[in-house]
Amino acid sequence: MSEVEAGNDPVATEVVEQPPSPQPDVPAATGNMIEARGLKKIYRMAKVEVRALDGVDLDVMPNEFLAIMGPSGSGKSTLMNLLGCLDTPTEGTYKLNGTEVSGLDDDELAAVRNREIGFVFQTFNLLARATSLHNVELPLIYSGVGGRNRHQRAMAALEKVGLADRADHRPNELSGGERQRVAVARALVNDPAIVLADEPTGTLDSKTSHEIMQLLVGLHENGQTIILVTHEDDISGYAHRGVKVLDGLIVSDERQTPRFGKD
Amino acid sequence: MSMGRGLVGEILRMAWDSLWGHKMRSVLTVLGIVIGITMVVAVTSLIMGFDTTITSQIESMGTDTLILAKFSIQSITSGQDFMDLINRPDLTEADAETIREQAATVDSVSVMWGGGGFPPSRGRAWYRGERTSELEIIGVGTDFLDSGDMQLLYGRFFTEIDMRQRSDVLVLGDAPTRALFGVNDPIGRSVRLRGRQYRVIGALKQRDISSIAGEQADNLVLVPGSNYRKLFGPRAGNATLIMRAKEGVPIADMQMDVEGVMRTRHGLRADQEADFDLLSQDSVIEIWRQISTAFFLVLVALSSVALMVGGIGVMAIMLVSVTERTREIGVRKALGARRSDILFQFLAESASLAAAGGIIGVLLGSSIAYGVYLATSFPVSLPWWSFTIAVGFSSLVGIFFGIYPANRAARLDPVDALRYE
C-alpha cells in the first residue's frame with residue numbers, strides 16, 4: 001500500500017476513486033458505502049453566517065478504515081454529525097449504503113441510524129442505571145427485536161468485545177476501557193454499515209487506548225467499515241486512510257499504512 | 001411504526017428506574033396528587049357509608065307510608081323562601097283526625113311533635129344524679145308504634161287517658177335506659193326531664209338499623225303529644241303526621257287523597273301551591289340523592305384543584321427530569337429512538353409518577369376512612385371502583401401534565417442533546 005499525497009491547495013477536495021486494498025478474506029463489495037456530494041452546513045446566527053462545512057465530497061468503500069482528522073472548529077464534528085445522520089446538510093446530497101438520506105425527516109433518520117450506524121463516543125454515553133447487557137440491547141429495542149433473540153444478539157456482541165462475564169455489571173462497576181468495550185458492543189449489535197467512533201480514546205490512558213484501537217482493528221479485519229474521528233495523530237495512525245478537515249473543507253485525503261498493526 | 005414488545009418493556013423499565021432512582025423527589029412531587037386522591041377517597045368512603053345508612057333509614061319507613069309535615073328538607077331544598085315556610089300553618093292533632101275521617105285510603109295516622117324537626121327539641125334526662133346525653137324529645141300519639149320501626153321492650157305505651165290528662169309519663173329509648181338504669185328495671189321510676197318529674201312507663205327496644213353515629217338513633221325519649229306542649233310551650237304545636245296506606249292501596253293514590261283533604265282544609269285554590277310537605281320514601285330518597293350529588297360535585301371541584309396543583313408539580317419535575325437527561329435522550333436518539341419513543345418514555349414516567357401518587361392517596365384515604373369508622377363507628381364504604389377511578393384519574397393527570405415536558409424531550413435535536421453537559 002502506498003501513500004497517496006493529496007494536493008496542497010486547501011480548497012481542493014480530494015476524492016478517492018479507488019477502493020483501498022481490501023483484506024484478502026473480505027469479498028469485494030459493489031458500490032460505495034458512503035457517497036457524499038457538496039455537503040454544506042451553514043449556521044445562520046443574528047447577522048453572521050457560519051460555514052461549518054463548505055462543500056465536502058467524500059466516498060467511502062465498504063470495509064475501509066477511515067480517520068477523519070482536524071483541529072477543533074475545523075468542521076470535523078459537523079461532518080461526523082452529517083455522516084452519522086444526526087444532522088441534515090444545508091446543501092448537498094448524502095447516500096448511505098445505497099439510501100439517499102439528506103431529505104429524510106427526524107424519525108426516518110432515527111431508523112437509518114439504528115440500522116446503519118454504530119456510534120462509539122468519547123465519553124462512552126452508556127446509560128448509568130442500566131447493565132452492560134441492557135445498554136447493548138438498546139439499539140435492538142428501538143429496532144423492535146424482542147425477547148430471546150435480543151438477549152442472544154446482545155450477549156454475542158458482548159462476547160465479541162470480551163465482556164460476556166460483565167453482562168450484569170452497571171457502568172460504575174466497570175473500568176473506563178470496559179465501558180468503552182460495552183459501547184463498542186452496543187455499536188456492533190445491529191450489524192451496522194458503519195461504525196462511527198468519535199474520539200473513542202479521548203478519556204482513556206494510552207494503554208487502554210491501544211486496547212480499544214486493537215478492538216477496532218480486529219473489527220475492521222472482519223470486514224467492518226469504520227470511520228474514526230480524532231484529533232490525535234497516534235490514534236488516526238491505526239486507520240488505513242486519513243482525511244484532514246480544515247475550515248469546513250477536506251484538505252487532504254490519503255491512503256496510509258497503519259502505523260500500528262494487530263498485536 | 002408500531003411499538004414492539006421490547007419497547008414497551010423498555011419504557012416501563014426506564015420509568016420505574018427514574019422514579020425509584022429519585023425516591024424523595026418523586027414523593028414530594030406527587031404530594032399534591034396524594035392529597036387530592038386522599039381527600040376524594042376518604043370523603044367518598046364516608047359519604048358512601050353515610051348514604052347506605054340514610055337510605056336504609058329511609059327505607060325503614062316502608063313503601064306504604066307517607067309523612068305529612070309543615071315543611072321539610074323537601075321544600076327547603078326546592079328553594080322556597082324560609083320565612084314563607086315558617087309562616088305555613090302548623091299541623092295539628094285535628095288535621096290527623098280529619099285525615100282519619102276523610103281520607104279513605106289511609107289505614108292509620110300517627111302524630112308526633114318534635115323529633116328532628118324545627119325547632120329542635122332536646123334535653124337531658126336525670127335519675128338520682130345520673131344523667132343522659134342530649135336526647136331527642138318526641139311527643140307522640142297513642143298509635144305511634146303502629147308505624148315506623150320502634151318497638152316496646154318493657155312496660156306499656158301511652159293510652160288515651162295519658163293523652164287527655166297530659167300525664168307526666170314517658171317512654172325511654174334504649175340509650176337513656178342503659179345510661180340511667182343499666183340492667184335494672186326502669187318501669188315506675190321517676191326521671192327529671194327539662195325541670196319536670198316524669199314517671200317511666202315503658203322502654204323501647206334497640207333499633208336494628210345501623211345508624212349514623214351508632215346509638216344516636218336510640219338517643220330519644222317519647223312523651224304524650226299533649227304533654228309535649230307543657231315542655232316546649234304552645235308555640236311547639238306543630239305536628240308531623242305519619243300515615244300508613246290501607247292494604248293494597250298504591251302510595252300514589254294515598255298521596256293524592258291526603259293532598260286533597262289537606263288542600264281543602266287549608267282552603268287552597270287549585271292554582272295555589274301546597275303549604276305542607278307530603279313525603280314518600282321515594283321522594284325522600286330522591287332528595288337525599290340530590291343532596292349527596294351536590295356534595296359529590298363540591299368534592300370533585302375541590303379535589304380537581306388539588307389534582308391540578310399536583311399535576312403542575314409533576315410537570316415541573318418532569319421538565320427537570322428532561323433537562324437532567326438531555327444527554328441520555330441524545331444517546332437514545334443516536335441509537336435509533338424515534339420522537340414517539342422518547343415521548344412515550346416520558347409520558348410513561350409522568351403517568352407512573354402520578355399513578356403512584358394515586359395509589360398512595362387511595363391507601364391513605366381508605367386508612368383515614370377506616371380510622372374514622374374505628375374511632376366513631378361512623379359507617380364507611382370502600383368501593384373498589386372508587387380506587388380504580390382514583391388511580392386511573394391520577395394517571396390521566398400525569399399524562400396530561402407530562403405532555404409538554406415529554407414533547408420537549410421528543411423534539412430535542414440529537415446533536416445538541418449529545419453535546420449537552
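The values are calculated or read from the model by the stated rules, or taken from the named source; none is laboratory data. If you're wondering where the values come from, they're calculated on a predicted model, not measured in any experiment. Cβ coordinates were reconstructed from backbone atoms using ideal geometry, including for glycine residues, and neighbour counts include every protein chain displayed.
Quick notes on this one:
- Residue B:42 being away from chain A (no Cβ under 14 Å) and closer than 29 Å to residue B:248 by Cα: no
- With respect to the conditions (1) assigned to a helix (DSSP H, G or I); (2) within 14 Å of chain A (Cβ to nearest Cβ); (3) surrounded by 24 or more Cβ atoms within 10 Å (Cβ to Cβ), residue B:337 lacks only one, and its number is (1).
- Any hit, the stretch A:133-152, residues being buried (at least 18 other Cβ atoms within 10 Å of the Cβ), free of Cβ contacts under 8 Å to residues at least 60 places away in the same chain, within 9 Å of chain B (Cβ to nearest Cβ) and among the charged types (D, E, K, R): yes
- Here residue B:201 does not fit the description of being among the β-branched types (Val, Ile, Thr) and at pLDDT below 80.
- The criterion of at least 2 residues that are closer than 16 Å to residue B:275 by Cα and of a type outside the set (A, V, I, L, M) is met by the following helices (runs of 4 or more DSSP H) wholly inside the stretch B:55-135: B:73-77, B:82-86.
- Unique residue being within 35 Å of the chain's Cα centre (by Cα) and either of a type in the set (Lys, Arg) or modelled with pLDDT of 90 or more (or both) when the list is B:177, B:142: B:177
- Residue in the stretch A:224-232 that is under 24 Å from residue B:415 (Cα atoms) and over 17 Å from the mean Cα position of the chain (by Cα) present: no
- Members of the stretch A:185-218 that are part of a helix (DSSP H, G or I) and within 14 Å of chain B (Cβ to nearest Cβ): A:185, A:186, A:187, A:188
- Residue count for the stretch B:368-392, restricted to those that are surrounded by fewer than 14 Cβ atoms within 10 Å (Cβ to Cβ) and in a helix (DSSP H, G or I): 8
- Exactly one residue among A:106, A:87 is at pLDDT below 95 and either surrounded by 17 or more Cβ atoms within 10 Å (Cβ to Cβ) or more than 10 Å from chain B (Cβ to nearest Cβ) (or both), and that residue is A:87.
- Qualifying residue in the stretch B:303-322 (condition: within 22 Å of residue B:51 (Cα to Cα) and part of a helix (DSSP H, G or I)): yes
- Residues within the stretch A:153-180 that are crowded, with 19+ Cβ neighbours inside 10 Å and either on the phi > 0 side of the Ramachandran plot or among the β-branched types (Val, Ile, Thr) (or both), tallied: 1
- Matching residues, the stretch A:31-77, being of a type in the set (Gly, Ala, Ser), in a loop (DSSP other than H, G, I, E, B) and more than 18 Å from the chain's Cα centre (by Cα): A:31, A:46, A:73
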